[in-house]
Amino acid sequence: MLRRALKKQTELVANKSSNKPTKKNSSRALGGKSKRNLKAENERALEVLVLGGADDVVDRFGSKKEHKQTKKSRKRKFVGTSLFEGEDREAAWEDEYDDIESVQVTDAPKHKGVKIGSEQSLSGDVYKERLKERFEKVNSTPDWAKLDRELVDSDDDSDVDELLHTTGNFLSSSASLPSGTLQIKKCTDLNRDSSSQARLTALEFHPTAQVALTAAKNQPFTLFQIDGKHNAKIQSVYIERFPILNAHFSHNGEEVIAGSHYPSFRYYDMLAGKMIIVPKIKGMNEDHTSHFRVSPDGRFLTFLGRHGNIHLVSAKSKELIESIKMNGTVEDLTFTKDGSFMYTFGSDGQVYIWDMSTRSCIHRFYDDGCIKGTSITASPNGQYLVCGSYSGVVHVYNILRS
């Protein structure tokens, strides 16, 4: 349409100028007008068609008050009752599959929850209704899809103007953070004296001393004296033919326990300066010891096994005490600060709570919305339980004790 209008405007200009005589061999065309002047006229004509003239601009925007009222009416929010009450809403689009008369249902997974009993076919309306019910059972209806909303005028500009014309303190004080500026200073790298050439597989601070432990696959584990300035290396211990996949201090801090992809594990007695090999433990049918935790009370070494098995090994004698089991596979576990309770997190999203005095499950629940559990930890004060999932969502729960 725009091209047709522009072409028509150009033809009118050409017809008006064609009545004037032209000089032979002249560089001007169309009634003596140069190409530059003709181009300028075409541009002005196009500008009028697209933007309109001066009168059109004034009529379009109107007065300042009318413009504000128009802007205000465009900015509205919905709450409460239905905006479309008493009105029939038209569909945003028409789907040809909405007009199906009947659908053949089978035992295929896509018809699970839709087919009831020995049904073989459903009418189109019944089929759509059951699909909707199945979807809403898994996914709750989002707020934006609910129609019980009320149209309320909201003048965002007036709120902004009021804020800009008001003085005062808009920040509330914090009950946990001190007032003033938080001072942050970067300290010397922990392993500056002996940086690892491979990815670290373990990093832990000593329970009582200012000492840190680092370990890496096919690398020695190293102890550092932590002061924030020099972080001097104390000792490096290499375990021959034993790639370290996990390492922890013992509860009393006198041992460094290391696991690998072997059924046996090692621990280093720091007082005696001796490496001790613990062969495959009888009754623990696992092919690796790469995932384990040390209980805070120093009683257990807990190894995460296959098929949901958790093996409780005595931290002193290094002998198997008992194996407990949860459904699915166990991905991570944690203890309360006193070690009286243990929480295990499974791949199916279930959290198990274990009483370590009886070594029995006292409660279990599903992490809300979890597809696959990956990590779990409890706060030091015993108030919160934090669950992390494969989707990246982290949920925080209050721990209630009776």
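Brief remarks on what is shown
- Single condition F365 does not satisfy, out of (1) farther than 30 Å from S250 by Cβ; (2) modelled with pLDDT of 90 or more; (3) surrounded by 16 or more Cβ atoms within 10 Å (Cβ to Cβ): (3)
- Test result for K137, among the charged types (D, E, K, R), in contact with a Gly (Cβ under 9 Å, 6 or more places away or on another chain) and at pLDDT below 75: yes
- Hits in the stretch 368-402 - residues which are loosely packed, with under 10 Cβ neighbours inside 10 Å and either touching a helix residue (DSSP H, G or I) at 6+ places or on another chain (Cβ under 7 Å) or part of a loop (DSSP other than H, G, I, E, B) (or both): N381, G392, L400, R401, S402
- Qualifying residue in the stretch 206-215 (condition: in contact with a Cys (Cβ under 9 Å, 6 or more places away or on another chain) and surrounded by 14 or more Cβ atoms within 10 Å (Cβ to Cβ)): no
- Note on the stretch 219-248: residues that are touching a residue at least 24 places away in the same chain (Cβ under 8 Å) and open to solvent by 70 Å² or more (accessible area, probe 1.4 Å) total 3.
- Of the residues contained in the stretch 280-302, one or more are found to be open to solvent by less than 10 Å² (accessible area, probe 1.4 Å), in contact with a strand residue (DSSP E or B) (Cβ under 6 Å, 6 or more places away or on another chain), in a loop (DSSP other than H, G, I, E, B) and within 20 Å of Y352 (Cβ to Cβ).
- Pairs, first over 10 Å from R130 (Cα atoms) and open to solvent by 100 Å² or more (accessible area, probe 1.4 Å) in the stretch 108-120, second at pLDDT 80 or above and outside any loop (DSSP other than H, G, I, E, B), C-beta under 7 Å, six or more apart: Q120/Q104
- Taking the numbered list (1) in contact with a His (Cβ under 9 Å, 6 or more places away or on another chain); (2) outside any loop (DSSP other than H, G, I, E, B) in turn, H261 passes all entries but (2).
- Complete set of residues in the stretch 325-351 that are open to solvent by 10 Å² or more (accessible area, probe 1.4 Å) and part of a strand (DSSP E or B): K325, V330, E331, D332, T334, F335, F341, Q350
The values are calculated or read from the model by the stated rules, or taken from the named source; none is laboratory data. Given the structure is predicted, the values throughout are model-derived calculations rather than measurements. Cβ atoms come from the backbone with ideal geometry, glycine included; neighbour counts cover every protein chain shown. Note: areas computed on protein heavy atoms with side chains; ligands, DNA, RNA excluded. Shrake-Rupley method; radii C 1.70, N 1.55, O 1.52, S 1.80 Å.
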